[in-house]
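Encoded as structure tokens, the structure appears first; notes follow it.
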Amino acid sequence: MEKILIIDDEIEIVNLVKDILYSFGYEIDYSPTGKEGLEKIKKSEFSIVLLDLFLSDIDGFEVLKKIKEVKENLPVIIFTGFGTTENIVKAIKLGADDFIEKPFNIERFVDIIQKVIKIRKLEKEISKLKLVESLLELNRTIVSLSSLDIMLEKIIQISENLFTPKRIGIYLIDEYGRNFVLRKQRIEDIKFKVRTVYDNSEFLDFFKESNINFLDEKTFFEVLLAIKGKERNIGILSLFFEKNRILKEEELKFLESFSIQIGIGIENAMLFEEVQNSYVNAIKSLINTLEARDKYTKGHSEEVVYYSILIGKRLGFNDEQIKILENAAYLHDLGKVGIKDQILLKPGRLKEDEFEIIKKHPLITFKIIEPLKLKREEIEACLFHHEKIDGSGYPYGLNGEKIPIYAKIIAVADAYSAMTSERPYREKMSKEEAIQELMRYSGIHFDPDIVNIFIEILNSEEVKNDKGN
Ligand SMILES: [Fe+2]
């Protein structure tokens, strides 16, 4: 049943309104003062508040302001004998939903009440739909077996859209199962990078009763949501709100289901990444075996990884981007496994038709790694590592900006590593000669910015002295 609160000290009016509203099937509560009314609003759920502007204790406008601070969406109808335009404007600015003047017309009075209740019901339905839609959206991400990073991004996005907190952070358990380390954040910076206070047992105590806990700070309060896997706690979702933000009952219920779904999603994504990593590791050892067949290419991929990472770091790549670069640099020449040894290990210059076969290796790499559901950037970096800035590369003849940055980095690292290695048909180049070659083809084959950065790196102290020569 819809419950209406009347805050008014004119007892005759209150009794009249009570009678009318009872006859329409509404439940009524009543407070003669603003202070008592506010207390009641904090404690119970009302559908509407009827508020007199002139109360014996607090000014009605002040009461209205406080109601909206505590329960933003609770409709308030101003109920007064002093309905001046000035008062109406002031009340609407403070968030009043409608205005009824005393003495009132019963028909119009009931009409306004019914209209406001209808709007509130619709708003509730819409916000429920929004919450359900968000859970479904997260579910779709879980089912699509996304990477951990996409999963975390989705969780942040949903939290941001639904709750508009001041800060959002996701902490994940570290490899020792002890601390929760900040893995992703949004909006404002989160102060705590690691939640050391909760070691796993304290954390369990903390979340024993509920998946949601609250921490009070000076101007904010923090909602901590336990992220639980099947057998252990795997993380915390932290949402910071300003003190006056009240979380509604349906929002808290949503957060309960959200925490369960997040747990499933993150655990799946972690498992998926583990499987992916073990694929990548298996392929890495295959590559080492492959390169070991030939003394000229031994250790080539590892060297390309090494140079690529140096370039990536200079470009300010984050850990995730460095990981992509590392995996792609390792895998880039995997497709050579599909090329006959007579061509691949041929001690002399290749004939045109033989070179055409060699040119297929990026596509063969693509075919091998495509079913492994690696990251799109990793796959593209492998596929395009022989593309050239002027469009003269292979397999697609992409040019300029169409070549992804990872592929452009690997191209430079790969060329340098090849030039400074011995080949059956030529001596290896010195560092200086190889730099000359990179400069000659800078802006033609290679991205000039990457060449410049790489030359800076090669001339600095940070590079391991080349290959023991
Ligand atoms: Fe290659």
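The values are calculated or read from the model by the stated rules, or taken from the named source; none is laboratory data. As the structure is a prediction and not an experimental result, all values here were calculated from the model. Reconstructed Cβ throughout: ideal geometry from the backbone, glycine too, with neighbour counts over all protein chains shown. The accessibility values were calculated without ligands, DNA or RNA, using every heavy atom of the protein model including side chains. Shrake-Rupley method; radii C 1.70, N 1.55, O 1.52, S 1.80 Å.
Dividing the convex hull volume of the Cα atoms of the stretch 293-468 by its residue count, what figure in Å³ per residue is obtained? Before the final figure, lay out the partial values.
Working: hull volume 20.5 nm³, N = 176.
Spread over its residues, the Cα hull of the stretch 293-468 gives 116 Å³ apiece.
Relative to the present Cα-Cα distance, how much length would full extension add between Q342 and D390 at 0.36 nm per residue of separation?
Answer, rounded to one decimal: 14.2 nm.
Using 0.36 nm per residue, how much length does the chain from L252 to E217 gain when fully extended, once their Cα-Cα distance is taken away?
Net length gain for the segment: 10.6 nm.
Karplus couplings for the stretch 281-288 from phi (6.51 cos²θ - 1.76 cosθ + 1.60, θ = phi - 60°), rounded to Hz, Gly and Pro as x?
5, 4, 5, 4, 5, 4, 5, 4
For the chain, with only Lys/Arg (+1) and Asp/Glu (-1) charged at the beta-carbon, what is the dipole magnitude about the Cα centre, in debye rounded to 20?
Working: 69 positive and 82 negative charges, 268 e Å.
The calculation lands at about 1280 debye.
Using only the Cα atoms of the stretch 243-286, each taken as one equal point scatterer with no solvent, compute I(q) by the Debye sum, divide by I(0), and report log10 of the ratio at q = 0.20, 0.21, 0.23 Å⁻¹.
Each listed q maps to, in turn, -0.71, -0.74, -0.79.
With every protein chain left in place, what is the accessible area of K193 in Å² (1.4 Å probe, nearest 10)?
100 Å²
Report the extension gain between V89 and L135 in nm, rounded to one decimal, defined as 0.36 nm multiplied by the number of residues separating them, less their alpha carbon distance.
Here the segment from V89 to L135 would lengthen by 12.6 nm.
Using a 1.4 Å probe on the protein heavy atoms only, what accessible surface does D333 show? Give it in Å² to the nearest 10.
The accessible area of D333 comes to roughly 10 Å².
Over the chain, what is the relative contact order in percent, taking alpha-carbon pairs closer than 8 angstrom and at least six residues apart?
Numbers: 668 pairs, mean separation 36.8, N = 469.
With pairs under 8 Å counted, the relative contact order is 8 percent.
R0 = 51 Å: FRET efficiency of T33 with R178, Cβ-based, nearest 0.05? Kindly include the intermediate steps, with their values, before the conclusion.
Numbers: r = 53 Å, r/R0 = 1.05.
So the FRET efficiency works out to roughly 0.45.
Can you list the residues, at least 5 places off or on another chain, whose amide H is less than 5 Å from the amide H of S421, using H built in the peptide plane?
For S421, the qualifying residues are M429.
Using θ = phi - 60° and the Karplus relation 6.51 cos²θ - 1.76 cosθ + 1.60, list the HN-Hα couplings for the stretch 317-333 in order, rounded to whole Hz, with x at every Gly or Pro.
These are the phi-based 3J(HN,Hα) values: 4, 7, 4, 5, 5, 5, 5, 4, 4, 4, 4, 5, 5, 5, 8, 4, 9 Hz.
Which links in K191/K243; K18/K253; K102/K248 stretch past 26 Å when you go from one Cα to the other?
Numbers: K191/K243 18 Å; K18/K253 33 Å; K102/K248 33 Å.
Over 26 Å Cα-Cα: K18/K253; K102/K248.
With only alpha-carbon atoms in the gyration tensor, what are the semi-axes of the equivalent ellipsoid for the stretch 205-282, in Å, largest first?
Details: eigenvalues 188, 34, 25 Å².
Equivalent ellipsoid semi-axes, largest first: 31, 13, 11 Å.
From the alpha carbon gyration tensor of the stretch 3-119, can you work out the equivalent ellipsoid semi-axes (sqrt of 5 times each eigenvalue) and give them in Å, largest to smallest? Let's see the in-between values first.
Numbers: eigenvalues 66, 52, 42 Å².
Each semi-axis is the square root of five times an eigenvalue, giving 18, 16, 15 Å.
What size of dipole, in debye to the nearest 20, comes out for the stretch 1-109 about its Cα centre when the only charges are +1 on Lys and Arg C-beta atoms and -1 on Asp and Glu C-beta atoms?
On the way: 14 positive and 22 negative charges, 72 e Å.
Roughly 340 debye for the stretch 1-109.
Cα-Cα pairs above 24 Å in the stretch 144-270: how many percent? Don't jump to the answer; show the numbers that get you there.
Working: 1620 of 8001 pairs.
Tail fraction, whole percent: 20.
Quick one: angle between helix 405-419 and the longest Cα principal axis of the chain, in degrees between 0 and 90, rounded to 10, please.
Roughly 20 degrees between the two axes.
Using a basic spin-label model with each label point 7 Å from the Cα along Cα→Cβ, how many nm lie between T289 and N73?
6.0 nm
Label-point separation (nm) for E188 and K208, each offset 7 Å from Cα along Cα-to-Cβ?
3.3 nm
Set the Förster distance to 25 Å, then compute FRET efficiency between K373 and Y306 from the Cβ-Cβ distance, nearest 0.05. It would help to have the intermediate numbers written out before the result.
On the way: r = 26 Å, r/R0 = 1.06.
Efficiency computed from Cβ-Cβ geometry: 0.40.
Scaled to the compact-protein estimate 2.2 N^0.38 Å, what is the alpha-carbon radius of gyration of the chain, rounded to two decimal places?
1.46
Could you sort S56, S44, S238 by accessible area so the largest value comes first, with the probe set to 1.4 Å? Present the calculation step by step, with values, prior to reporting the outcome.
Details: S56 90, S44 35, S238 0 Å².
Largest accessible area first, the residues go S56, S44, S238.
Take D57, D216 and sort them by solvent-accessible surface of the protein heavy atoms, 1.4 Å probe, largest at the top. Don't skip to the end; give the middle numbers.
On the way: D57 70, D216 125 Å².
The ordering from most to least exposed comes out as D216, D57.
Considering the options A381, L148, T84, tell which one lies farthest towards the positive end of the dipole of the chain, charges being +1 on Lys and Arg and -1 on Asp and Glu at the Cβ, about the Cα centre.
A381
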